[in-house]
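Remarks on the structure that follows.
The values are calculated or read from the model by the stated rules, or taken from the named source; none is laboratory data. Computed from a predicted model, the values in this text were never measured in an experiment. Cβ sites come from the backbone with ideal geometry, for glycine too, and all protein chains shown count toward neighbours.
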Amino acid sequence: MADVCKIAWVHGMVQGVGFRYSTQYEAQRLGLTGYARNLDDGSVEVVACGNEQAVNQLIEWLKAGGPRSARVDKVLAEPHQPGREWTHFGIRY
């Protein structure tokens with residue numbers, strides 16, 4: 001079972017720039033599970049579960065701007081309790 005889960009909404013120029021794939025790479029590097037997906041309002045939703053320090057590192061990476069091709073204006077994050085355990089970090093469509 002994961003130590004913590006957080007859900008974040010990333011706003012800015014974050015769709016069509018490889019944001020979800022870069023987030024997946026970073027999350028896997030940190031040993032996290034969860035997902036990244038585009039939302040209809042142009043933002044990206046990220047759910048990250050795992051070691052608290054690693055989850056916080058991913059949130060800080062998001063706030064720092066993610067991949068170079070993106071422009072992050074705002075990241076809102078809060079604790080999250082998913083209905084089931086994630087087995088990997090995936091991309092949702």
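So, restricting to strands (runs of 3 or more DSSP E) that lie completely within the chain, which ones have at least 3 residues that are free of Cβ contacts under 8 Å to residues at least 60 places away in the same chain?
It comes to 33-38, 44-50.
Would the stretch 4-16 turn up any residue that is closer than 19 Å to His80 by Cβ, touching a Lys or Arg at 6+ places or on another chain (Cβ under 8 Å), of a type in the set (Gly, Ala, Ser) and modelled with pLDDT of 95 or more?
no
Output the residue which, of all residues in the stretch 40-93 that are polar (S, T, N, Q) and over 15 Å from Tyr21 (Cβ atoms), is surrounded by the most Cβ atoms within 10 Å (Cβ to Cβ).
Step one: list which residues in the stretch 40-93 are polar (S, T, N, Q), which gives 43, 51, 53, 56-57, 69, 81, 87.
Subset that is over 15 Å from Tyr21 (Cβ atoms): 43, 51, 53, 56-57, 81, 87.
Numbers: Ser43: 21, Asn51: 14, Gln53: 10, Asn56: 15, Gln57: 18, Gln81: 8, Thr87: 7.
Per the criteria, the residue is Ser43.
Of a type in the set (Lys, Arg) and surrounded by fewer than 17 Cβ atoms within 10 Å (Cβ to Cβ): is that true of Arg29 in this structure?
yes
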